[in-house]
Amino acid sequence: MTKPAVSVNMTWCRPGQVGGSEEYLCRQLLGLPENIFDLEIFSPRGFVAAHPELASRYVITELRHDSTSRLRRIWSESTWLYRRTRRSSLVHHGGGTVPEVHRSPTLLTIHDLQYLEYPQYFRASRLAYLRWVMPRSAQRATLIAVPSAFVQASVVAAYGIDVERVVVVPHGVEATLGAHATDSDRLRSKYGLGTGPLVVLPAVTHPHKGHQFLFDVMERYWISQGVTLVLIGGAGLAENEVCRRLDKEPLRQHVIKLGRVSTADRDGLIAMAEAMVFPSEYEGFGAPVIEAMALGTPVITSDRACLPEVVGDAGVVVPLEVDAWAEVLDDVRSRGDELLQKARYRLQRFTAEESGAALAAAYRLVAE
């Protein structure tokens, strides 16, 4: 039997520049059951070098440019990509938008609708673009894939889409996550982390990620408890405000901002922490939550958006009120074994294979 020809539009996916959506889709594609689809990925220049594991499994065709220019990328989707996908059984647009000139049928991945909930966190040009293109893309799509039931409900409500046209394809983590994690002693020496307890926030410095909230918690409660906060992740829209706050006492002595680190160091830092803290205001899924679980680290997260859905009873879910976080580390210490046992059980639904199987099911629905 002829395998369905699936074209995956990842021309928007500039390696290292688009946040968690990159890992989300790459993990799903690697988790797809083998030999049931004839799959080709279309990407910006430099994608193959950044993702050799995908290149070893699928045909990847790169643009002649790196998609830095949004206008050039949009033009390429409506011309170059349109021509290249003429024999496809379906086209999967992974970046939240379907080009005006496109092939049908289509699967569209929508990662979140943060621009509707927190428009103040977007640049004016980006916000205008999303407001124009995303509702139209949702209407064009044959089927929409989302990472959580929270986003599913948001899409249905915002765009008037029939719930049967929106399917949940959750995140998943690979079984090898953490296999090459850097040793804790080496990390303490390398980054000057001292010998005391650490908590880690792995997030780009975007306003909604909760850095300023954690600084308030540190100043009011955790510094006196001898805790060091370690920040890992690239620069976002709130980078300058975060740096200004860290230049002042007492945070200067108790918060270590590392920026981007290697995968091995990131995994090691999370694994050695007393807790991974994630006080985000908005997430479509929140992959760091399940990554921390997979690394054996207790999770403390906010009660916003999809996070309670993802964490379930396998972590500590706390309102975004500073006083509510005062004794949460004591809670984690007293319930450590219980939380890790529940995390291991919960992770069974968030493997790369489960995510890939859900994506394969979506492909079959579209190709029928």
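Some observations on this one:
- Applying the criterion of at least 1 residues that are open to solvent by 10 Å² or more (accessible area, probe 1.4 Å) to the strands (runs of 3 or more DSSP E) found wholly in region 204-313 leaves 228-232, 255-259.
- Qualifying residues in region 56-86 (those that are farther than 25 Å from Gly20 by Cβ and part of a loop (DSSP other than H, G, I, E, B)) - the one most open to solvent (accessible area, probe 1.4 Å): Arg64
- Some residue of region 211-218 being in contact with a Ser or Thr (Cβ under 8 Å, 6 or more places away or on another chain), of a type in the set (A, V, I, L, M) and at pLDDT 95 or above: no
- Residues located in region 7-52, provided they are without any contact (Cβ under 8 Å) to a residue 60 or more places away in the chain and either in contact with a Leu (Cβ under 7 Å, 6 or more places away or on another chain) or buried (at least 23 other Cβ atoms within 10 Å of the Cβ) (or both): Cys26, Ile41, Phe42, Ser43, Pro44, Arg45, Phe47
- Of all the criteria given as (1) at pLDDT below 95; (2) touching a Gly at 6+ places or on another chain (Cβ under 7 Å), the one not satisfied by Ile300 is (1).
- Checklist (1) of a type in the set (Asp, Glu); (2) surrounded by fewer than 18 Cβ atoms within 10 Å (Cβ to Cβ); (3) in contact (Cβ under 8 Å) with a residue 40 or more places away in the chain applied to Glu164, failing item: (3)
- Any pair with Cβ under 9 angstrom, 6 or more apart, that starts in region 169-187 at a residue that is touching a residue at least 40 places away in the same chain (Cβ under 8 Å) and closer than 25 Å to Thr228 by Cα and ends at one that is open to solvent by 20 Å² or more (accessible area, probe 1.4 Å) and basic (Lys, Arg): Ala181/Arg266; Thr182/Lys190; Thr182/Arg266
- Candidates Thr68, Thr79 - the one that is of a type in the set (Ser, Thr, Tyr) and over 30 Å from Ala238 (Cβ atoms): Thr79
- Criterion violated by Leu39 - all others in (1) at pLDDT 95 or above; (2) in contact with an Asp or Glu (Cβ under 9 Å, 6 or more places away or on another chain) satisfied: (2)
- Scope region 87-115; condition outside any strand (DSSP E or B), aliphatic (A, V, I, L, M) and under 18 Å from the mean Cα position of the chain (by Cα); matching residues: Ile110, Leu113
- With respect to (1) open to solvent by less than 10 Å² (accessible area, probe 1.4 Å); (2) part of a loop (DSSP other than H, G, I, E, B), the lone exception for Val155 is condition (2).
- For region 87-116, the set of residues classified as at pLDDT 95 or above and open to solvent by 70 Å² or more (accessible area, probe 1.4 Å) consists of Leu116 only.
- Test: residue in region 44-60 that is under 16 Å from Val101 (Cβ atoms) and under 24 Å from the mean Cα position of the chain (by Cα): no
- Going through (1) crowded, with 19+ Cβ neighbours inside 10 Å; (2) touching a Gly at 6+ places or on another chain (Cβ under 9 Å) one by one, Val173 falls short only on (2).
This table checks each residue for (1) within 30 Å of His92 (Cβ to Cβ); (2) among the hydrophobic types (A, V, I, L, M, F, W, C); (3) assigned to a loop (DSSP other than H, G, I, E, B).
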{"position": "Leu320", "(1), (2), (3)": "no, yes, yes"}
{"position": "Asp330", "(1), (2), (3)": "no, no, no"}
{"position": "Leu340", "(1), (2), (3)": "no, yes, no"}
{"position": "Ala343", "(1), (2), (3)": "no, yes, no"}
{"position": "Val366", "(1), (2), (3)": "yes, yes, no"}
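- Any chance Glu53 is closer than 29 Å to His208 by Cα, in a helix (DSSP H, G or I) and acidic (Asp, Glu): no
The values are calculated or read from the model by the stated rules, or taken from the named source; none is laboratory data. Just so we're clear, the structure is a prediction, and the values are computed from it rather than from any experiment. Please note: Cβ atoms are built from the backbone with ideal geometry, for glycine as well, and neighbour counts cover all protein chains shown. Just the protein is used for accessible areas: all its heavy atoms, side chains included, with ligands, DNA and RNA removed. Shrake-Rupley method; radii C 1.70, N 1.55, O 1.52, S 1.80 Å.
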